[in-house]
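Q: Sharing a structure, written as structure tokens. Questions coming.
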Amino acid sequence: MDRSTRYGQPSDQPGLDPREALDMLDFRTHRQLQSGNGTAELASRTDAGADVLQFLALHGSTAVRAAVAANPVAPALTNRLLVEDESEHVRAELAVKIARLIPGLSERESSHIFALTIETLECLARDAAVRVRAILAEEIKALNCIPKSVALALAHDLNSIVAVPILQYSPLLSDADLMEVIACGQVQEVLTAIARRKPVSETISDRLVQSLEVSAVAALLVNPDAKIRKDTMDRILDQAEEINAWHMPLALRADLSARATRRIGSLVGASILERLAARNDLSDATRVYLNRELRARLAEAPETSDPPAALVATAKREGRLDGTFVEQAAQVGQREVVVLALAQLANVSEHTVKKTLAAGSAKPLVALVWYAHLSMRVAFKIQTYIMKLPARDILPARGGVGFPLSKEEMRWHLNYFDIAV
């Protein structure tokens, strides 16, 4: 048919040039790709073909490119192109996929594809977005088939959300690598992650104890796979009198000598001492010593027949309703006194305080203590003696004295219990 004829009728307009028609078709195709209409599903198909997936990765919308990034059969070259994608979401999808492709890759792929995939992995480990690096670290934390350089780069990341998974789980890190991280004066979360490794050598334990990072040492003590030398344990015990966060972890430590057990017994309060004396691995002499210490602690508890409300009212009238009052009440197990005192000091209902304690979680209680303008020391005593949380669930102070949660996080927990901040 003559191109000047339209629907069988002559046309007054000149015909469309073939080059222009192709340009229009290409433009419409790009518009459809940018809108993502129908192409995201194609980009997810494992039978779409390498050329199609690469074309979609180059020209598709963000949703389409993300679908290609997540597609396990996308070519290695396409993956390498996507690592430079402007969208953080696309690169995050790629990080998850690449981490899951790495195990066994060398056995089933050519050396060229393997090299491209490793290069993509290395680029993701240097990604500008913390979220992408954090996702990658979480996905590869336990792998021993990645380049050690990638594990080291993530372990030294300045953002703890990236470094922590690698430091806690990576089998590629040697003691020398861990010592280098510790020597850099890293933050609490980083040192605590190292203390939770399985195993932790005596050398690493020594350095962690030297750091005097309260949370890291507490994590070390509750880690059954952490080896601690006798002289290192003595250093912990020398400091423990002033650091309540170590009392329960020390009491639950499985490999204590009789001498260390007795020293701990002289440091802790009645509640922890009772747990310590109940251990079934004690010698008769040590058990007798601890029971004697326990009776002495109980004898120190003030005897009173006054009801809890009267005790709190008297303390308020005499200007003694403060952190010391709540701490002492907690230490001798006066739960109702603690509840009423917190209700007064935080200006909330008794029911709200009881709900917070009954939640069985340290974070809401810590937030309530902060809201009542009391110290983290008080929060620790309530967790230990009133809530009787296991050592692994106790929230210790930051740096020995500070609150371990941000103000935003504490406000969130308070709002959850209908406490307006």
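Q: Filter the range 263-292 for residues that are buried (at least 16 other Cβ atoms within 10 Å of the Cβ), among the β-branched types (Val, Ile, Thr) and assigned to a helix (DSSP H, G or I) and give the result.
A: Selection gives 264, 272, 286.
Q: For the range 190-197, state whether one or more residues are out of contact with any helix residue (DSSP H, G or I) (no Cβ under 7 Å at 6 or more places or on another chain) and at pLDDT 90 or above.
A: There is no residue in the range 190-197 that is out of contact with any helix residue (DSSP H, G or I) (no Cβ under 7 Å at 6 or more places or on another chain) and at pLDDT 90 or above.
Q: Quick check on my filter: what residues within the range 350-373 are in a loop (DSSP other than H, G, I, E, B), modelled with pLDDT of 90 or more and either in contact with a Phe, Trp or Tyr (Cβ under 9 Å, 6 or more places away or on another chain) or open to solvent by less than 20 Å² (accessible area, probe 1.4 Å) (or both)?
A: 372
Q: Another one. Looking at (1) modelled with pLDDT of 85 or more; (2) outside any helix (DSSP H, G or I); (3) more than 29 Å from the chain's Cα centre (by Cα), find the lone condition where residue 304 falls short.
A: (1)
Q: Let me ask you something else. Taking into account only those residues within the range 377-421 that are touching a Gly at 6+ places or on another chain (Cβ under 9 Å), aliphatic (A, V, I, L, M) and part of a helix (DSSP H, G or I), which is surrounded by the fewest Cβ atoms within 10 Å (Cβ to Cβ)?
A: 386
Q: So which residues in the range 247-256 are under 17 Å from residue 266 (Cβ atoms) and assigned to a loop (DSSP other than H, G, I, E, B)?
A: 253, 256 - these are the residues of the range 247-256 that are under 17 Å from residue 266 (Cβ atoms) and assigned to a loop (DSSP other than H, G, I, E, B).
Q: Moving on. Hey, does the range 337-358 have a residue that's at positive phi, free of Cβ contacts under 8 Å to residues at least 24 places away in the same chain, out of contact with any Lys or Arg (no Cβ under 7 Å at 6 or more places or on another chain) and not acidic (Asp, Glu)?
A: Checking the range 337-358: at least one residue is at positive phi, free of Cβ contacts under 8 Å to residues at least 24 places away in the same chain, out of contact with any Lys or Arg (no Cβ under 7 Å at 6 or more places or on another chain) and not acidic (Asp, Glu).
Q: From the residues in the range 26-72 that are basic (Lys, Arg) and surrounded by fewer than 13 Cβ atoms within 10 Å (Cβ to Cβ), which one is modelled with the highest pLDDT?
A: Here the answer is 31.
Q: When the range 189-212 is examined, which residues are found to be open to solvent by less than 60 Å² (accessible area, probe 1.4 Å) and closer than 21 Å to residue 390 by Cβ?
A: 192, 193, 195, 197, 200
Q: Give 176, 218 a once-over and let me know the one that is in contact (Cβ under 8 Å) with a residue 40 or more places away in the chain and more than 19 Å from residue 162 (Cα to Cα).
A: Every option except 218 fails the conditions.
Q: Cβ-Cβ below 6 Å, separation at least six or inter-chain, first residue in the range 182-210 and under 15 Å from residue 166 (Cα atoms), second at pLDDT 90 or above and surrounded by fewer than 16 Cβ atoms within 10 Å (Cβ to Cβ): which pairs?
A: Taking only residues 6 or more apart or on different chains, the pairs are 198/225; 199/225.
Q: Among the residues of the range 163-173, which ones are under 12 Å from residue 133 (Cα atoms) and either surrounded by fewer than 24 Cβ atoms within 10 Å (Cβ to Cβ) or touching a residue at least 40 places away in the same chain (Cβ under 8 Å) (or both)?
A: 165, the sole residue that qualifies.
Q: Also: Taking the criterion of being more than 28 Å from residue 55 (Cα to Cα), open to solvent by less than 40 Å² (accessible area, probe 1.4 Å) and of a type in the set (A, V, I, L, M, F, W, C), would at least one residue in the range 116-134 satisfy it?
A: Scanning the range 116-134 turns up at least one residue that is more than 28 Å from residue 55 (Cα to Cα), open to solvent by less than 40 Å² (accessible area, probe 1.4 Å) and of a type in the set (A, V, I, L, M, F, W, C).
Q: Determine if the range 234-246 includes at least one residue that is closer than 20 Å to residue 166 by Cα and either outside any helix (DSSP H, G or I) or of a type outside the set (A, V, I, L, M) (or both).
A: no
Q: Just need a number here: residues in the range 171-230 that are assigned to a helix (DSSP H, G or I), closer than 21 Å to residue 248 by Cα and under 20 Å from the mean Cα position of the chain (by Cα).
A: Final tally of qualifying residues: 17.
Q: Among the residues of the range 135-159, which ones are of a type outside the set (Val, Ile, Thr), part of a helix (DSSP H, G or I) and open to solvent by 20 Å² or more (accessible area, probe 1.4 Å)?
A: 138, 139, 148, 149, 152, 153
The values are calculated or read from the model by the stated rules, or taken from the named source; none is laboratory data. Everything quoted here is computed from the prediction, not taken from an experiment. Neighbour counts run over all protein chains shown; Cβ positions are idealised from the backbone, glycine included. When the accessible area is computed, the model is the full protein with side chains, heavy atoms only, and any ligands, DNA or RNA have been set aside. Shrake-Rupley method; radii C 1.70, N 1.55, O 1.52, S 1.80 Å.
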